[in-house]
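Structure below; questions to follow.
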Amino acid sequence: VMRTNLRWRPSGRHNEAFDAGNAVNTGMRVGDLALVDAFFDFQLLLDTIAQRDAESCGVLLPGFAEVMQVRGMAKDLRVALERCIKARFIDPYTSIQLCAARFGSEEIAVTAVAQAEEYFDGALAPAAAGHVALCRATLLRRQGRHVAAAQPAAAAAARFRQLGWR
């Protein structure tokens, strides 16, 4: 159904990653475990990392990271995130850095936020400041610094609201 709605043609691993990432993320949001099971493929994530395809990693990781946490694959997830961060993968929405800030080791989480800050330093894109603030807030929250996290979280929300994003 997702492929039909998107009028997608099978044309390689990037499209497979796009389908899998969006289907798993959707399945996790609506509680459709059959959809998650049908599209979750850890090997696809590993292949995407090996191909140095940061954009596909950024599409896969948001849903895949949650599934891996639930399925007891936290160590595998940390290793995958470490590979992405050490290779300096950055996708347009900083999904990799957000996942690393949320699920990676402390060292990888701090490095991921620094990468997002460096990547978007001086960027003119209206969403850039929101992505950086969200990365900072995610790391601070994870560190248990909830009061400190509130300010960058509010800044991210305000920036995204200006763009019409929820």
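Quickly run through segment 98-134 and pick out the residues that are under 14 Å from the mean Cα position of the chain (by Cα), under 19 Å from Met73 (Cα atoms) and of a type outside the set (A, V, I, L, M).
Within segment 98-134, Cys99, Arg102, Phe103, Gly104 qualify.
Quick one: would you say Gly31 is surrounded by 21 or more Cβ atoms within 10 Å (Cβ to Cβ) and of a type outside the set (Ser, Thr, Tyr)?
Working: surrounded by 21 or more Cβ atoms within 10 Å (Cβ to Cβ): no; of a type outside the set (Ser, Thr, Tyr): yes.
Considered against the rule, which asks whether it is surrounded by 21 or more Cβ atoms within 10 Å (Cβ to Cβ) and of a type outside the set (Ser, Thr, Tyr), Gly31 comes out as no.
Being among the small types (Gly, Ala, Ser), modelled with pLDDT under 95 and surrounded by fewer than 20 Cβ atoms within 10 Å (Cβ to Cβ): is that true of Gly144 here?
Numbers: among the small types (Gly, Ala, Ser): yes; modelled with pLDDT under 95: no; surrounded by fewer than 20 Cβ atoms within 10 Å (Cβ to Cβ): yes.
So Gly144 does not fit the description; no.
Could you give me the residue pairs with C-beta distances under 9 Å whose first residue belongs to segment 118-133 and is touching a residue at least 40 places away in the same chain (Cβ under 8 Å) and within 15 Å of Trp165 (Cα to Cα), whose second residue is open to solvent by less than 50 Å² (accessible area, probe 1.4 Å) and not in a helix (DSSP H, G or I) wherever it lies, and which are 6+ apart or on separate chains?
Once the first residue is touching a residue at least 40 places away in the same chain (Cβ under 8 Å) and within 15 Å of Trp165 (Cα to Cα) and sits in segment 118-133, no partner that is open to solvent by less than 50 Å² (accessible area, probe 1.4 Å) and not in a helix (DSSP H, G or I) comes close enough.
Just need a number here: residues in segment 49-77 that are in a helix (DSSP H, G or I) and surrounded by 17 or more Cβ atoms within 10 Å (Cβ to Cβ).
Keep residues of segment 49-77 that are in a helix (DSSP H, G or I), which gives 49-50, 54-70, 74-77.
Cutting the leftovers down to surrounded by 17 or more Cβ atoms within 10 Å (Cβ to Cβ) gives us 49, 54-68, 77.
So the answer is 17.
In segment 92-107, how many are buried (at least 19 other Cβ atoms within 10 Å of the Cβ) and not polar (S, T, N, Q)? Give the derivation first.
As a first pass, look at segment 92-107 and keep what is buried (at least 19 other Cβ atoms within 10 Å of the Cβ): 94-104.
So of that shortlist, the ones also not polar (S, T, N, Q) come out as 96, 98-104.
The qualifying residues number 8.
If a residue has to be part of a helix (DSSP H, G or I), of a type outside the set (Asp, Glu) and either at pLDDT below 95 or touching a helix residue (DSSP H, G or I) at 6+ places or on another chain (Cβ under 9 Å) (or both) to count, how many in segment 78-96 make the cut? Steps first, answer last, please.
Taking segment 78-96 first, the residues part of a helix (DSSP H, G or I) are 78-86, 95-96.
Cutting the leftovers down to of a type outside the set (Asp, Glu) gives us 78-81, 83-86, 95-96.
Going one step further and asking which of them are either at pLDDT below 95 or touching a helix residue (DSSP H, G or I) at 6+ places or on another chain (Cβ under 9 Å) (or both), we end up with 78, 80-81, 83-86, 95-96.
Result for segment 78-96: 9.
Now for a separate question. Quick test of your reading of the structure: Ala149 fulfils all but one of (1) of a type in the set (A, V, I, L, M); (2) over 18 Å from Ala101 (Cα atoms); (3) touching a Lys or Arg at 6+ places or on another chain (Cβ under 7 Å). Name the failing condition by number.
Checking Ala149 against (1) of a type in the set (A, V, I, L, M); (2) over 18 Å from Ala101 (Cα atoms); (3) touching a Lys or Arg at 6+ places or on another chain (Cβ under 7 Å), the one that fails is (2).
Any residue that is in contact (Cβ under 8 Å) with a residue 24 or more places away in the chain, acidic (Asp, Glu) and out of contact with any Phe, Trp or Tyr (no Cβ under 6 Å at 6 or more places or on another chain) - is there at least one of those in segment 82-101?
yes
Can you find a residue that is among the acidic types (Asp, Glu) and under 20 Å from Asn15 (Cα atoms) anywhere in segment 90-102? Step through it out loud before you land on a result.
The first filter runs over segment 90-102 and keeps only residues among the acidic types (Asp, Glu), leaving 91.
Then drop every residue that is not under 20 Å from Asn15 (Cα atoms), which leaves 91.
Checked segment 90-102: at least one residue is among the acidic types (Asp, Glu) and under 20 Å from Asn15 (Cα atoms).
Mind counting the residues in segment 48-74 that are among the charged types (D, E, K, R) and either touching an Asp or Glu at 6+ places or on another chain (Cβ under 6 Å) or modelled with pLDDT of 95 or more (or both)?
Our first condition is that a residue be among the charged types (D, E, K, R); within segment 48-74, this holds for 52-53, 55, 66, 71.
If we keep only those that are either touching an Asp or Glu at 6+ places or on another chain (Cβ under 6 Å) or modelled with pLDDT of 95 or more (or both) as well, we get 55, 66, 71.
Qualifying residue count for the region: 3.
The values are calculated or read from the model by the stated rules, or taken from the named source; none is laboratory data. Remember, predicted model here, so these are calculated numbers, not experimental data. Here Cβ is always computed from backbone atoms with ideal geometry, including for glycine, and neighbour counts include all displayed protein chains. Remember, those area values only see protein heavy atoms, side chains included, never the ligands or the DNA or RNA. Shrake-Rupley method; radii C 1.70, N 1.55, O 1.52, S 1.80 Å.
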